[in-house]
Amino acid sequence: MSLKIIYGKAGSGKSTYLFKYIKSIINNPQKIYIVTPEQFSFTAERRLLQEVKGAAINAEVLTFSRMAYRVINEMGNNLETIEPFGRSILIYDILDRSKNKLELLGKSMQNVEIIENALTEFKKHNITEDRLQDRNQKSRRHIPKNETSRHAVYI
């Protein structure tokens, strides 16, 4: 199995090249995966069907999240994940229980989205609890109150 990455600026012919290439190899027994962002999945599926003139049994359009789900299931790792709504409920509950300790975020339960965004950024940039504590100890007097509150929710 090989991986082919097609990239370029908008309008440079990436999609045209991709679907013509797929059309030329559609009868090969090798499975073809087109990985695309969520918002382009329908367009990619429609274009695939137009190019191959019917059903493409060995070609499939996958979104990033669908591909991740499939990889996790095929690897035998049945991790339980939490849906975004459940995550919001958990954050809301943490804020509610910790509102006396939190200097800014505890004063308003409307801050669930702020915490969700912060947690996403923490994960994206590999910011762990230890890194937050270390930074807080090094610059104790310059920490914004909202960052201290985010750290309390993070741990």
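The numbers here are math on the coordinates, done by the rules we state, and not lab data. Note that the coordinates shown come from a computational prediction; the quantities given were computed from them, not determined experimentally. Backbone-built Cβ (ideal geometry, glycine too); neighbour counts: all protein chains shown.
Across region 1-58, the number of residues qualifying as surrounded by 16 or more Cβ atoms within 10 Å (Cβ to Cβ), β-branched (Val, Ile, Thr) and in contact with a Lys or Arg (Cβ under 7 Å, 6 or more places away or on another chain) comes to 1.
Could you grab me the full set of residues in region 120-134 that are in a helix (DSSP H, G or I) and either aliphatic (A, V, I, L, M) or touching a residue at least 12 places away in the same chain (Cβ under 8 Å) (or both)? Within region 120-134, Phe122, Glu129, Leu132, Gln133 qualify. Considering every residue within region 78-87, establish whether at least one is more than 30 Å from Asn111 (Cβ to Cβ) and either of a type outside the set (Val, Ile, Thr) or exposed (fewer than 12 other Cβ atoms within 10 Å of the Cβ) (or both). The answer is yes; a qualifying residue exists.
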